[in-house]
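Colleague: Got a structure here, written out as structure tokens. Questions coming.
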Amino acid sequence: MDILQMLVVILIVILLVKPLGTYLYHVFSNESNKTDKWFGWLERVIYKLAGFKERRHMSWKKYVVSLILMNAVLVAIGFLLFLFQGSLILNPSKIKDMEPTLAFNTIVSFMTNTNLQHYSGETGLSYFSQMAVIIMMMFTSAATGLAVAIAFIRGITSKGETIGNFFEDFTKAITRILLPLSIIMTIVLVGLKVPQTLGPTIHAATLEGNIQNITIGPVAALESIKHLGTNGGGFFGANSSHPFENPSPITNVLEIMMMWCIPASLTYTFGKFAKNQKQGWVIFSSMLILFVGFLALVYYSESQGNPALNAMGLNHYQGSMEGKEVRFGIAQSSLFTTVTTAATTGSVNNMHDTLTPLGCLVPLALMMLNLVFGGDGVGLVNMLMYAILAVFLCGLLVGRTPEFLGKKIEPKEMKLITIALLAHPFIILLPTAIAFLTELGKGAISNPGFHGISQVLYEYTSSAANNGSGFEGLGDNTSFWNISTGIVMFLGRYISMIALLGVAGSLLKKQWVPENMGTFRTDNGLFIGILVGVVLIIGALTFLPVLALGPIAEYLSIR
Amino acid sequence: MSQTTSILSKGIIKDAIKESFIKLNPIYMMKNPVMFVVEMGTIIVLLMMCMPNYFHAEGAFGYNLAVFVILLFTILFANFAEALAEGRGKAQADSLKKTKQETMAKVIQKDERIKSVSSSDLRKGDIVLVETGDLIPGDGEIIEGLASIDESAITGESAPVIKEAGGDFSSVTGGTRVISDWIKVKIQTDPGESFLDKMIALVEGAKRQKTPNEIALNILLITLTMIFLLVVVTVYPIAQYVGVKLTIATLVALLVCLIPTTIGALLSAIGIAGMDRVTRFNVLAMSGKAVEAAGDINTIILDKTGTITFGNRMASEFVPVGKSDMKEVAQVAGLGSIKDETPEGKSVIQLMKKLDIPQIPLDLEKSEVVEFKAETRMSGINLPSGEKIRKGAVDAIKKWVVEQGGTIPADLEEKSNQIASKGGTPLAVAKDNQLFGLIYLKDTVKPGMRQRFDELRKMGIKTIMCTGDNPMTAKTIAEEAGVDDFIAESKPEDKIRVIKEEQKQGKLVAMTGDGTNDAPALAQADVGLAMNSGTIAAKEAGNMVDLDSDPTKIIEVVSIGKQLLMTRGALTTFSIANDIAKYFAIIPAMFTIAIPKMEVLNIMGLQSPTSAILSALIFNAIIIPLLIPLAMKGVKYIPMKASKLLSRNLFIYGVGGIIVPFIGIKIIDLIIGLMS
């Protein structure tokens, strides 16, 4: 039954890939199509208001500069709103101004699509901050990610000078994808009993006679974009395990779908741009293989229960339910954990800190790889980077200099790719090591020993992968953690984006090499194997030692 | 050049061992960042041995010494591989240098007087006289005279070649010797820039520049090294948190095992050896880039004459006209060819033998041979009996027969057209006033060409034949040889046009050429193989020179290019795949003392943490010399579809690369166990 539940969800996503992927293609192909009729008027109004008359196509450098400037402006506005939220409008619950390092962490967190939360939504943010900063950022950061993916795809699949216009892609991502989908999903969620109101916290008298404060607010609106945009920041501190955010197994499945569908469908969009659908399916299949493998591991590990408790003779028939919601059970929790870290969303419906050791290896590993579907846009781009790397490593075996999609991979591309490749382990391992060298870092650990290593590692991995889920259990609202994770999130987002758009810009100018019998093919089953192998080997080689000291050692010691 | 030194001659090995130590110089090692990191690690371990107190490494002298020795050998092996590859080139360069002796040149001055000047003082534009027995003092063009020249010093070919002023065979190379007659040569290079100088520099590897692919691969290797450096540096404080104390020697060992030392050590040797294979093949590549490009070639443009066909037309059939029969035609043609030394003439006699037609006896002494002349376009013989026999162009013979008072058989026109339409050349044969028939001359495709083109097609390479023939003839030969495409009635500028068209589609094009008018096309092509017999212009335009002047070699050059790339890919794949086993050896070894449960990961069942680390390290070192032969000889290349080739190589070097170290490390561990 458990397995069937998971299979059904996977199957629905597979079925969604083609229609949604095709839709995404039409949105960004810049050829006139039906969607123009529905959304064109809205965009024209926006363009007019913005004084955005000519939508000239940009070189990759201009695209990057536009992206950075756009993000910088949003960060500046959001930061100020947080600092002064106490005296701004829509603050019925009288929330205070935010502390500066926390505001820095929070704004970076949301702009980078990470949604790491060192605050608790109920007590840390006013409704105005929730809507004008948090929800707004959830749209813009996801739109930024989508724009990067589309620009990258254009770069590697076409020849010319331009990878599109950032502002146009950015606007369309919101008007044609995120906004309509999140409106629909908000209504659906409201129908499924998720609150949506601007009313203040409810003070309810309980049967014991005490007063209980029940926080409500515009939850459904946040919930839909939180998942569609692979953001993950919860309205409440307890995120999607809170009954108002995720009241039932049905909303749970819907939320899983929402965060999974866009990253998965982008592979199809890529195939359409590449004019070779097989190419898209190869990327999708590689992601799915890795996904299923990790899902199987976390599900198996959780359903076996906690060995320490089992040894005491406790019934482990239900599996390890510590930190999980009874309404979801092991299967729905495992699936949610896998999807939220694969698609680097970071919402949680169970406490990752209390996953069994091998269970917690799964979210860690998925975030370390950061390409099994991945966040909106960036996951695909990361996987394509690995595809280029796989081509580079194995392409030579057919006696030709490596080429991907008919374009030669040369020193310039390799330099840029290695920057992106190097950045990820760097911003995970280096701060983790620093944290263990300082009292500021070590002091936050609530559970010393191997598990403590997992706690720290998880925090930085989640930040670097722009996932944002918390292992929790780590006392992380201190200047040390706010600033260090803020920097990690920032670097994790922009270094690889810039470097990989550089790769796209460089490949864009290259002449296609026609395909023939001597070409290394990247659209067949063998390449799926190679790609999965390269991802696992490079990933495993980089992170195995720390994983061995964290979850693996923990697993072995309680086994 | 053809004095092929065997792969491992004693002298080369001795020199290479010496070089391996000289190359330990860190300034030199910096060129190879992967091995430089190993060297730094070695130095750290050495310091720990010398000053154990400073590093808190007391009591670990034996272990540190073992690590130090293995690391030192790892570097020496890497240096040895490179030195060995270079050594072979140096040996060749030395033999070339002997050729490059100082000679006295006879410079012809403006007043026609001859002045003796040292060859090193010659400048571009000087005119020198070279007589029998003299060494040609420098590269140049013959402006007067004809001589046979011994070029064995450069080409290894002992048969002398004839060179003469004018045309495409007028260039001479310094260091070769005139063995008969004399020539006047206009020197075309300044000292130090001659062909011989370039050759020496090339085989010595002095000018070796890294190729784009090698650079890209190096970038990746450096990145992997940096990642692993990061892994090793960060694991120390993290491990300390859970009470695992790691020694610096162990961390250095882990680092060295993980960074791609195997490919890092062999990368430059692969490049040098690849160039060397080309050189051994008597082709001089001006850069490694050209060899690499050869592996990527999509299209090869070949001249028909001399490359695909023998170039000389051979008699393949006797065609009677009018009332004569085949035997008569053959016998008359036979009489007419008996003193004809041209390939066409000889082929007539051969064809008669093949068809068993006896030659009519003839008193050669009293006969008068009529040589072929461009004006008459026929040759023949006047017999003692007064009979005149002629063979030649159909028009010319027709005119001659009419002049002799004969008539032209009605079917001549039709039959000669038939031959022409099949791509052959008809020669008419007549005796006095009677026209007997035609000799069907045909250009013959070299044996084995069809198979070669099939192989190329399997590699995904398209062949285009260029010929001055009419489209009919061209088509016949193209079909017979099995080329993919042809250009008939091609002019030199056609080649350039075709190359540019192909390149516009992103294809890489290779071509061969020897004439001055080939030079622009040779320069335009991605791989331009010039014939050594060709003009200086052609040799300068191309990026490879074939010393044997065999244009079909372009096909082998492509294979060598592919082999070079494959070898690089194979060893990279192997090197990275090796890391999996090394992890399974080292990770449990590092942590087991503090976390006994880690023993489960010791799937190889290695005896002790120390033995496990040393075994992995020893495997890491000795795999380098074990792979030197592969790096030098290159991976075996059989032309086949890319997908098949990939599965095959991936299986051997990828899967093999995962399995081999598991076995190797286990064996070394067992040996260590026996020794201790």
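Colleague: Give just the number: which of (1) in contact with a Leu (Cβ under 6 Å, 6 or more places away or on another chain); (2) assigned to a helix (DSSP H, G or I); (3) not assigned by TED's automatic domain parsing to the domain that holds residue B:253 does residue B:98 not satisfy?
Modeller: Answer for residue B:98: the failing condition is (1).
Colleague: Here is a further query. Report every pair of residues separated by at least 6 positions or lying on different chains whose Cβ atoms are under 8 Å apart, first residue within region A:50-67 and more than 10 Å from residue A:162 (Cα to Cα), second of a type in the set (Ser, Thr, Tyr).
Modeller: From region A:50-67, the pairs are A:53/A:47; A:55/A:47; A:67/A:144.
Colleague: Exactly one of these conditions fails for residue B:599: (1) part of a helix (DSSP H, G or I); (2) surrounded by 18 or more Cβ atoms within 10 Å (Cβ to Cβ); (3) within 12 Å of chain A (Cβ to nearest Cβ). Give me its number.
Modeller: (2)
Colleague: Still on this structure: Among (1) of a type in the set (A, V, I, L, M); (2) more than 7 Å from every other protein chain (Cβ to nearest Cβ); (3) over 17 Å from residue B:258 (Cα atoms), there is one condition residue B:581 misses while meeting the rest; what is its number?
Modeller: Unmet condition: (3).
Colleague: Mind listing whichever residues of region B:494-514 are farther than 19 Å from residue B:531 by Cα and in contact with a Pro (Cβ under 8 Å, 6 or more places away or on another chain)?
Modeller: B:505, B:506, B:507, listed by residue number.
Colleague: Separate question: For residue A:511, only one of the following conditions fails: (1) buried (at least 19 other Cβ atoms within 10 Å of the Cβ); (2) at the interface with chain B (Cβ under 9 Å from one of its Cβ atoms); (3) among the polar types (S, T, N, Q). What is its number?
Modeller: (1)
Colleague: Right, here's the next one. Being within 14 Å of another protein chain (Cβ to nearest Cβ) and either part of a strand (DSSP E or B) or more than 30 Å from residue B:647 (Cβ to Cβ) (or both) narrows it down to one of B:530, B:510, so name that one. Before you say what the answer is, go through the steps one by one.
Modeller: Details: B:530 fails: within 14 Å of another protein chain (Cβ to nearest Cβ).
Within the list B:530, B:510, the selection yields B:510.
Colleague: A further question on this structure: Tell me, which helices (runs of 4 or more DSSP H) lie completely within region A:355-457 with 3 or more residues that are under 30 Å from residue A:337 (Cα atoms) and within 9 Å of another protein chain (Cβ to nearest Cβ)? It would help to see each step written out before you state the result.
Modeller: Numbers: elements: A:357-369, A:378-395, A:411-437, A:439-442.
Per the criteria, A:411-437.
Colleague: Suppose the filter is more than 14 Å from residue A:344 (Cβ to Cβ) and surrounded by fewer than 23 Cβ atoms within 10 Å (Cβ to Cβ); does residue A:253 pass it?
Modeller: On the way: more than 14 Å from residue A:344 (Cβ to Cβ): yes; surrounded by fewer than 23 Cβ atoms within 10 Å (Cβ to Cβ): yes.
Judged against the criteria, residue A:253 is a match.
Colleague: Being modelled with pLDDT of 85 or more, within 24 Å of the chain's Cα centre (by Cα), buried (at least 19 other Cβ atoms within 10 Å of the Cβ) and not assigned by TED's automatic domain parsing to the domain that holds residue B:34: is that true of residue B:290 here?
Modeller: Working: modelled with pLDDT of 85 or more: yes; within 24 Å of the chain's Cα centre (by Cα): yes; buried (at least 19 other Cβ atoms within 10 Å of the Cβ): yes; not assigned by TED's automatic domain parsing to the domain that holds residue B:34: yes.
Yes: the conditions hold for residue B:290.
Colleague: Of the conditions (1) among the acidic types (Asp, Glu); (2) touching a helix residue (DSSP H, G or I) at 6+ places or on another chain (Cβ under 9 Å); (3) modelled with pLDDT under 85, residue B:341 satisfies every one except a single condition; which number is it?
Modeller: Of the numbered conditions (1) among the acidic types (Asp, Glu); (2) touching a helix residue (DSSP H, G or I) at 6+ places or on another chain (Cβ under 9 Å); (3) modelled with pLDDT under 85, the odd one out for residue B:341 is (2).
Colleague: Please determine, by comparing only the residues of region A:199-225 that are outside any loop (DSSP other than H, G, I, E, B) and touching a Ser or Thr at 6+ places or on another chain (Cβ under 6 Å), which one is farthest from residue A:127 (Cα to Cα).
Modeller: Filtering first and then ranking leaves A:212.
Colleague: Here's another thing I want to ask about it. Assuming residue B:198 fulfils every condition listed in (1) touching a strand residue (DSSP E or B) at 6+ places or on another chain (Cβ under 7 Å); (2) part of a helix (DSSP H, G or I) apart from one, which condition is it?
Modeller: (1)
Colleague: Give the number of residues within region B:434-456 that are out of contact with any Asp or Glu (no Cβ under 7 Å at 6 or more places or on another chain) and touching a residue at least 24 places away in the same chain (Cβ under 8 Å).
Modeller: Within region B:434-456, the first condition is being out of contact with any Asp or Glu (no Cβ under 7 Å at 6 or more places or on another chain), and the residues that meet it are B:434-435, B:437-439, B:442-444, B:446-456.
If we keep only those that are touching a residue at least 24 places away in the same chain (Cβ under 8 Å) as well, we get B:434-435, B:437-439, B:442-444, B:446, B:449-450, B:452-456.
The total comes to 16.
Colleague: Right, next: Looking at residue B:574 and the list (1) within 11 Å of another protein chain (Cβ to nearest Cβ); (2) buried (at least 22 other Cβ atoms within 10 Å of the Cβ); (3) under 23 Å from residue B:673 (Cα atoms); (4) in contact (Cβ under 8 Å) with a residue 60 or more places away in the chain, which single condition is not satisfied?
Modeller: Going through the list (1) within 11 Å of another protein chain (Cβ to nearest Cβ); (2) buried (at least 22 other Cβ atoms within 10 Å of the Cβ); (3) under 23 Å from residue B:673 (Cα atoms); (4) in contact (Cβ under 8 Å) with a residue 60 or more places away in the chain, residue B:574 breaks only (3).
Colleague: Another question, then. Quick check on residue A:536: is it within 14 Å of chain B (Cβ to nearest Cβ) and not charged (D, E, K, R)?
Modeller: Details: within 14 Å of chain B (Cβ to nearest Cβ): yes; not charged (D, E, K, R): yes.
Answer is yes for this residue.
Colleague: If you scan region B:520-539, which residues turn out to be over 23 Å from residue B:160 (Cβ atoms) and surrounded by fewer than 24 Cβ atoms within 10 Å (Cβ to Cβ)? Steps first, please.
Modeller: Residues of region B:520-539 that are over 23 Å from residue B:160 (Cβ atoms), as a first pass: B:520-529, B:537.
Result: B:520, B:523, B:524, B:526, B:537.
Colleague: Among (1) surrounded by 19 or more Cβ atoms within 10 Å (Cβ to Cβ); (2) over 34 Å from the mean Cα position of the chain (by Cα); (3) assigned to a helix (DSSP H, G or I); (4) not basic (Lys, Arg), which single condition is residue B:72 missing?
Modeller: It is condition (1) that residue B:72 fails.
Colleague: Just to verify a result, which residue in region B:280-327, among those that are in a loop (DSSP other than H, G, I, E, B) and within 14 Å of chain A (Cβ to nearest Cβ), is farthest from residue B:415 (Cα to Cα)? Give the steps one after another, and end with the answer.
Modeller: Filtering region B:280-327 for residues in a loop (DSSP other than H, G, I, E, B) gives B:281-282, B:286-287, B:296-298, B:304, B:306-308, B:321-325.
So of that shortlist, the ones also within 14 Å of chain A (Cβ to nearest Cβ) come out as B:296-298.
Values: B:296: 46, B:297: 43, B:298: 41 Å.
If we take residues in region B:280-327 being in a loop (DSSP other than H, G, I, E, B) and within 14 Å of chain A (Cβ to nearest Cβ), then B:296 is farthest from residue B:415 (Cα to Cα).
The values are calculated or read from the model by the stated rules, or taken from the named source; none is laboratory data. Model, not experiment: these values are computed from the prediction. Cβ coordinates were reconstructed from backbone atoms using ideal geometry, including for glycine residues, and neighbour counts include every protein chain displayed.
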